[in-house]
2 protein chains.
Amino acid sequence: VSPRTPPTFTSFTQSPGDLALTPGDADVTCYRVDHVVPVRGAWQGGVAVDRSLWRLELAGRLAPVEAPFIGATGHVVYTDSATKSELGRVSATPSGPRAVLIPIRKSAEWWALAQDQRQAYFDPSSSGGHIAIGNRFAAKIYRRLYHSRYLPGSDWDFLTYFEFTSNNAGAFSELLTLLRDPHHNPEWGFVDREVEIWMTRV
Amino acid sequence: VSPRTPPTFTSFTQSPGDLALTPGDADVTCYRVDHVVPVRGAWQGGVAVDRSLWRLELAGRLAPVEAPFIGATGHVVYTDSATKSELGRVSATPSGPRAVLIPIRKSAEWWALAQDQRQAYFDPSSSGGHIAIGNRFAAKIYRRLYHSRYLPGSDWDFLTYFEFTSNNAGAFSELLTLLRDPHHNPEWGFVDREVEIWMTRV
């Protein structure tokens, strides 16, 4: 039996605390929050636009801090082998300074679908599809997905996280527009809560 | 935006505590532990054969108790629409008095596979396949799957849970034999830690 390689757990928090900052324990990134854009559903605040946000990543456990956004990096759920290899080859690495955190929640209807029904929304179609759209931007936009739905106390299903250089800001806007276009990506119809948190890595 | 229906979180514990037993808060089931059978990997104990085990189920949060086994009931990941409907129609309901908890961990190799590669191990094949084998026993054996891999602090990937009447004990043994047969279910080759906890509902 090989030793367990634990998943990485991530908290985005305004209060990094002392415990989580022990060197070698947490991987810490600091951001200035530039502005917040509610996209779908009510946004009850909690992140002021003039504040900082910290990302704390730990192996195997959550940082012991109060955090409005928590997630875990997981295995791929809709990506096939060929796409996974291709994405590994072409995907952008974290670049900064632009960083956008977009927490997302999907409807109960989505979660009641069977695997083949959900998978169909991701596979490439003549008009797009989530994976085909995302892949077009993989080389310019660094993307990371955190799963939140099955973390106790989470209000979100996913934290989607993006990083890009300032000259790729246009490409990022185009990516968001396509992903939210019901013709190109009908999957987005199941999103019932979403907010954009625009930040700068500092 | 509809109100969130939170996942159910489950702890199997020897110490149910006071907090978790507030009526209407947790759904509590009590078991006598009959015997423990290590199947794969080291089993460092923690559940004595002469002890009780409690299952505490809460919506949206884990019971605030020390628990060696924690999990969340989730959406289906490998089941297609037709199979999901069929299982809903034929599946056994919890019957007792026999109950078996089988925590499972899979190798890093498994978790690195793409979705299509993992899916292939579940789909029916000429020699069996996980889903085809399981479906044959769905009417006799109550099955419930808890996901554990992405819960902070968990040592397991899944808690598989079964209930059946005493006269279906033979069918349950047959189910385990087929699922662990590399010819009928090659997926089991990725299991690197597994233990059977045989119990009686009391």
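Regarding B:Ser107, is this residue of a type outside the set (Asp, Glu) and more than 10 Å from chain A (Cβ to nearest Cβ)?
For B:Ser107, the condition - of a type outside the set (Asp, Glu) and more than 10 Å from chain A (Cβ to nearest Cβ) - is not met.
State whether the residues of segment B:51-61 include one that is facing chain A (nearest Cβ under 8 Å), farther than 27 Å from A:Trp111 by Cα and either modelled with pLDDT of 90 or more or in a loop (DSSP other than H, G, I, E, B) (or both).
No, every residue in segment B:51-61 fails to be facing chain A (nearest Cβ under 8 Å), farther than 27 Å from A:Trp111 by Cα and either modelled with pLDDT of 90 or more or in a loop (DSSP other than H, G, I, E, B) (or both).
Given (1) within 12 Å of chain B (Cβ to nearest Cβ); (2) out of contact with any His (no Cβ under 9 Å at 6 or more places or on another chain); (3) among the small types (Gly, Ala, Ser), identify the lone condition not met by A:Ala112.
(2)
All but one of (1) in contact with a Phe, Trp or Tyr (Cβ under 7 Å, 6 or more places away or on another chain); (2) modelled with pLDDT of 95 or more hold for A:Glu174; state the number of the condition that does not hold.
Going through the list (1) in contact with a Phe, Trp or Tyr (Cβ under 7 Å, 6 or more places away or on another chain); (2) modelled with pLDDT of 95 or more, A:Glu174 breaks only (1).
Filtering segment B:67-85 down to residues that are in a loop (DSSP other than H, G, I, E, B) and modelled with pLDDT of 85 or more, which residue is farthest from B:Thr160 (Cα to Cα)?
Result: B:Asp80.
Would you point out which residue out of B:Phe164, B:Phe158 is in contact with a helix residue (DSSP H, G or I) (Cβ under 6 Å, 6 or more places away or on another chain) and buried (at least 16 other Cβ atoms within 10 Å of the Cβ)?
Exactly one residue qualifies, and that residue is B:Phe164.
Listed here are the residues, each with its yes/no results for (1) within 27 Å of B:Ala120 (Cβ to Cβ); (2) within 17 Å of the chain's Cα centre (by Cα); (3) among the basic types (Lys, Arg); (4) modelled with pLDDT of 90 or more.
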position: B:Arg4; (1), (2), (3), (4): no, no, yes, no
position: B:Ser11; (1), (2), (3), (4): no, yes, no, yes
position: B:Thr22; (1), (2), (3), (4): no, no, no, no
position: B:Asp25; (1), (2), (3), (4): no, no, no, no
position: B:Leu87; (1), (2), (3), (4): yes, yes, no, no
position: B:Pro94; (1), (2), (3), (4): no, yes, no, yes
position: B:Arg98; (1), (2), (3), (4): no, yes, yes, yes
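Being more than 22 Å from A:Lys140 (Cα to Cα) and within 14 Å of chain B (Cβ to nearest Cβ) is the filter here, so list the residues in segment A:64-103 that pass it.
Within segment A:64-103, A:Pro64, A:Val65, A:Ala67, A:Ile70, A:Gly71, A:Ala72, A:Gly74, A:His75, A:Val77 qualify.
Evaluate segment A:110-117: report whether one residue or more is loosely packed, with under 15 Cβ neighbours inside 10 Å and free of Cβ contacts under 8 Å to residues at least 60 places away in the same chain.
There is at least one residue in segment A:110-117 that is loosely packed, with under 15 Cβ neighbours inside 10 Å and free of Cβ contacts under 8 Å to residues at least 60 places away in the same chain.
Within segment A:26-45, restricting attention to residues that are aliphatic (A, V, I, L, M) and part of a loop (DSSP other than H, G, I, E, B), which residue is surrounded by the most Cβ atoms within 10 Å (Cβ to Cβ)?
A:Ala26
Out of segment B:104-128, which residues are small (Gly, Ala, Ser) and under 23 Å from B:Gly41 (Cα atoms)?
B:Ser107, B:Ala108, B:Ala112
Determine if segment B:93-103 includes at least one residue that is farther than 30 Å from A:Gly60 by Cβ, touching a Gly at 6+ places or on another chain (Cβ under 6 Å), touching a residue at least 40 places away in the same chain (Cβ under 8 Å) and not polar (S, T, N, Q).
There is no residue in segment B:93-103 that is farther than 30 Å from A:Gly60 by Cβ, touching a Gly at 6+ places or on another chain (Cβ under 6 Å), touching a residue at least 40 places away in the same chain (Cβ under 8 Å) and not polar (S, T, N, Q).
Would you tally the residues in segment A:115-137 being within 12 Å of chain B (Cβ to nearest Cβ), among the aliphatic types (A, V, I, L, M) and more than 17 Å from the chain's Cα centre (by Cα)?
Counting residues in segment A:115-137 that are within 12 Å of chain B (Cβ to nearest Cβ), among the aliphatic types (A, V, I, L, M) and more than 17 Å from the chain's Cα centre (by Cα) gives 1.
Do we find a residue being surrounded by fewer than 18 Cβ atoms within 10 Å (Cβ to Cβ), in contact (Cβ under 8 Å) with a residue 60 or more places away in the chain and among the small types (Gly, Ala, Ser) anywhere in segment A:179-189?
no
Please name all residue pairs, on different chains or six or more residues apart, with Cβ atoms under 6 Å, provided the first residue is in segment A:126-138 and is at pLDDT 90 or above and the second residue is of a type in the set (Ser, Thr, Tyr).
A:Ala138/A:Ser91
What are the pairs, 6+ residues apart or on separate chains, where a residue within segment A:160-174 that is under 13 Å from A:Trp198 (Cα atoms) has its Cβ under 9 Å from a residue that is surrounded by fewer than 18 Cβ atoms within 10 Å (Cβ to Cβ) and β-branched (Val, Ile, Thr)?
A:Glu163/A:Thr93
The values are calculated or read from the model by the stated rules, or taken from the named source; none is laboratory data. Quick caveat: nothing in here was measured; it's all calculated off a predicted structure. Note that we place each Cβ from the backbone using ideal geometry, even for glycine, and neighbour counts take in every protein chain shown.
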